[in-house]
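Structure first, then comments.
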Amino acid sequence: MGMVALTLAFAFAAALIVRDCRRRPSVSSWIWIPTIFVMLLSSRTPSGWLHGGGGYYQELGNQAAANPIDTIFSAVFMVVSFIVTIRRKMNWARVFAANAALMLFYGYFVLSISWSGDPMGSLKRIVKDFGMLFLIGVIFSEKDPLQAMRAVYLRCACLMLPLSLVFIRWFPSYGRVYALNGGMTATGVTTQKNTLGEMCLIYIMFLVWDYLEAREQSGGSLWQRIPWDQVILILMSLWLLRASASKSSELCLVIGIALMIRWKSLSSTAVNLGVFWVALLSPVLLFTSQEFSSVIAPIVEALGRNMTFTGRANIWQHITLDTVNPLIGCGYYNFWGGLGGYAISVAMDTTVPNAHNGYLDLYLDGGFVGLTILSIVLISNGRRLIRRLARKGGINYYARMCFAVLIVAIVSNLAESTLARVSLIWFTTVLMIVEFPAKTSARTARINTTRSADNSLNREQRILASR
């Protein structure tokens, strides 16, 4: 029965992907490069697939970067993507100049290799992270970058969601794992429940964005012309999100969808600034939660958690000024594979793979300097997105999506560690905040202008018809 279900899942996924390809004729075949890469980010590494599933395992520090299979795959994706963008005459010097804050961020962590306890491991990690820009470049060099973005994630959803359902039900060696406490958790195509929750979170946001864009172009009401395939994928995502029991992803989903479909009265610059600064100050509030426990405790308990944040606070308490250089950290992605991480694992009598907090892990990587540069990246891009949202000319769902993803990334890293990590949320965040000038920006502007003209024409035709 398991093989029959697997065959049907592949057939169903193929049918949906073919349907999406016909729906987006402007998207080229080269888009499969970032699509396959996002599929791997959504599930597990190539070596993880070859591992055969089963059991519980965690990788510390830079150990994952040492796997030759994963290194080869990453190198091939980056090189091919770079060649494609060069052939499409993308000016990378202008791209880097347009993203000065992000380049400063990467430049600092390249510098941190010099004080890392594992320089080669840190170098491999930062190259893989930085190389994601070349895959993003393939998307932005398409004729219609926004259609290409949605095509990447929707085609991933067409395959990853049905496979996750089949794996959980009929292939437990792939779809379920034993946690450290011995309990069984559903993981689907991923390696842990929280990653499954993050996958569903991102997929649902892209499915909703694609529907909103299609509805805007057709001029229908919110409930008209809902594609049946997207409804099925959203229902699958919601079921998997529930099965993952990832409370942080559920909260982020509510926040993300609310930011995308809100009324115009809740879309003012003041509201956007308020949402942005509340999200940006949430890490500070989290780490001072003991002083404000009477205020925070009811909110945390309403989300099904306690003030230890499911044991995460116990990890945070073991990270002190004695275990890491507070100014510059321990070097990029080095702490948990080194002596400091080992000492914490021994003190807690359990394997600790990361801090379960993106800001704390970034502090371990680059100290307060790293956190300061991250703040520059978030603030500069957040303000730019808010200005884009304030422009007149109707609802800009792309700008809403970018802003929603940024807020979700900020909030999700309170309980998970994805900042500056090769992960689905980080890749999506960089995709939404990076600026691509020159040909791609001009092309996107022409697309938006044409789309606005088409929408105006459609409205005029409907008015004339009603008369």
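The values are calculated or read from the model by the stated rules, or taken from the named source; none is laboratory data. Fair warning: this is a prediction, and the values are worked out from it, not measured in the lab. So basically every Cβ, Gly included, is an ideal-geometry build from the backbone, and we count neighbours across all protein chains shown. These area figures cover heavy atoms from the full protein model, side chains too; ligands, DNA and RNA do not enter into them. Shrake-Rupley method; radii C 1.70, N 1.55, O 1.52, S 1.80 Å.
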Practice item. Please pull out the direction-averaged projected area of the stretch 151-290, using the convex hull of its alpha-carbon atoms, in nm² to one decimal place. Key: 11.1
Point to revise | Long-range amide H partners of Ile328 with built H, under 5 Å | key: Phe368
Check your understanding: Which Rg and Dmax, in Å, describe the Cα atoms of the stretch 331-396?
Key -> 18.2, 58
Point to revise | His318 - accessible surface, heavy atoms, 1.4 Å probe, Å² rounded to 10 | key: 70
Exercise for review: Can you tell me the FRET efficiency between Met3 and Trp228 if r is taken as the Cβ-Cβ distance and R0 is 25 Å, rounded to the nearest 0.05?
Suggested key: 0.40
Study note, to complete from the structure: Applied in sequence order to the stretch 326-341, the curve 6.51 cos²θ - 1.76 cosθ + 1.60 (Karplus, θ = phi - 60°) yields integer Hz couplings, x standing for Gly and Pro, of x, 7, 10, x, 10, x, 4, 6, 10, 4, 6, x, x, 5, x, x
**Study point:** Proximal lysines relative to Lys143, as straight alpha-carbon distance under 24 Å, when same-chain residues fewer than 8 apart are discounted
**Key:** Lys89, Lys439
Revision key, fill the gap. FRET efficiency for Arg383 and Asn314 from the Cβ-Cβ distance with R0 = 51 Å, rounded to 0.05, comes out at 0.90
**Study point:** Amide hydrogen neighbours beyond the local backbone of Val177, cut-off 5 Å, H modeled
**Key:** Thr185, Thr187
